[in-house]
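Structure first, then comments.
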Amino acid sequence: MKTYFSPCPVETTLNLIGNKWKMLIIRDLMNGAKRFNELQRCIGATKNQSISQKVLTQNLRELESAKLVKRKVYAEVPPRVEYSLTELGLSLDSVFNSLVNWGEYYKKLA
């Protein structure tokens, strides 16, 4: 298990969510559970970016390991898997709202 802790709380947070893909995964899961392919389509839809299956899988596993994302497997044929934020992951809502507000503020001034 990867260690995310640092003496600096800002660094700890960035260790957990500080890459482009993790931020977008969390952003898209704030609206509720999504299946893998749905999540892959949502990520970057606004800027025509794409995330590979390998990179999405790796980031989801890291977020799951950090207890920010949960994976639910349904006993169906074909198997269905959904990803959603844990309570801890949902607690990032205020952080994301602050980022949205700051981003809008920056766009007005730049």
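The values are calculated or read from the model by the stated rules, or taken from the named source; none is laboratory data. What you see is a predicted model; the values in this text were computed from it and never measured. Here the Cβ is made from the backbone with ideal geometry for all residues, glycine too, and neighbour counts use every protein chain on show.
Suppose we filter segment 61-98 for residues that are closer than 12 Å to Met30 by Cβ, touching a helix residue (DSSP H, G or I) at 6+ places or on another chain (Cβ under 8 Å) and either of a type in the set (Lys, Arg) or assigned to a helix (DSSP H, G or I) (or both); how many remain?
Within segment 61-98, residues that are closer than 12 Å to Met30 by Cβ, touching a helix residue (DSSP H, G or I) at 6+ places or on another chain (Cβ under 8 Å) and either of a type in the set (Lys, Arg) or assigned to a helix (DSSP H, G or I) (or both) number 3.
So, Tyr83, is that one without any contact (Cβ under 8 Å) to a residue 60 or more places away in the chain and exposed (fewer than 11 other Cβ atoms within 10 Å of the Cβ) or not?
no
Inside segment 5-42, can you point out the residues that are hydroxyl-bearing (Ser, Thr, Tyr) and in contact with a helix residue (DSSP H, G or I) (Cβ under 7 Å, 6 or more places away or on another chain)?
Ser6
Output the residues belonging to segment 1-38 that are among the aliphatic types (A, V, I, L, M) and either in a helix (DSSP H, G or I) or under 11 Å from the mean Cα position of the chain (by Cα) (or both).
Result: Val10, Leu14, Leu16, Ile17, Met23, Leu24, Ile25, Ile26, Leu29, Met30.
Of (1) part of a helix (DSSP H, G or I); (2) touching a strand residue (DSSP E or B) at 6+ places or on another chain (Cβ under 8 Å), Asn101 satisfies all except one. Which?
That leaves (2) as the condition not met.
If I go through segment 20-37 residue by residue, how many of them are of a type in the set (D, E, K, R) and out of contact with any strand residue (DSSP E or B) (no Cβ under 9 Å at 6 or more places or on another chain)? Let's see the steps before the verdict.
Applying the first criterion (of a type in the set (D, E, K, R)) to segment 20-37 yields 20, 22, 27-28, 34-35.
Subsequent filtering for residues that are out of contact with any strand residue (DSSP E or B) (no Cβ under 9 Å at 6 or more places or on another chain) retains 20, 22, 27.
The total comes to 3.
Can you name the number of the only condition in (1) of a type in the set (Lys, Arg); (2) in a helix (DSSP H, G or I); (3) modelled with pLDDT of 95 or more that Arg41 fails?
It fails just one condition, (3).
Would you mind telling me which numbered condition in (1) touching a Ser or Thr at 6+ places or on another chain (Cβ under 7 Å); (2) surrounded by 14 or more Cβ atoms within 10 Å (Cβ to Cβ); (3) without any contact (Cβ under 8 Å) to a residue 40 or more places away in the chain Lys67 fails?
(2)
Kindly indicate which of Leu109, Leu92 is within 12 Å of the chain's Cα centre (by Cα) and either at pLDDT 95 or above or more than 26 Å from Thr3 (Cβ to Cβ) (or both).
The match here is Leu92.
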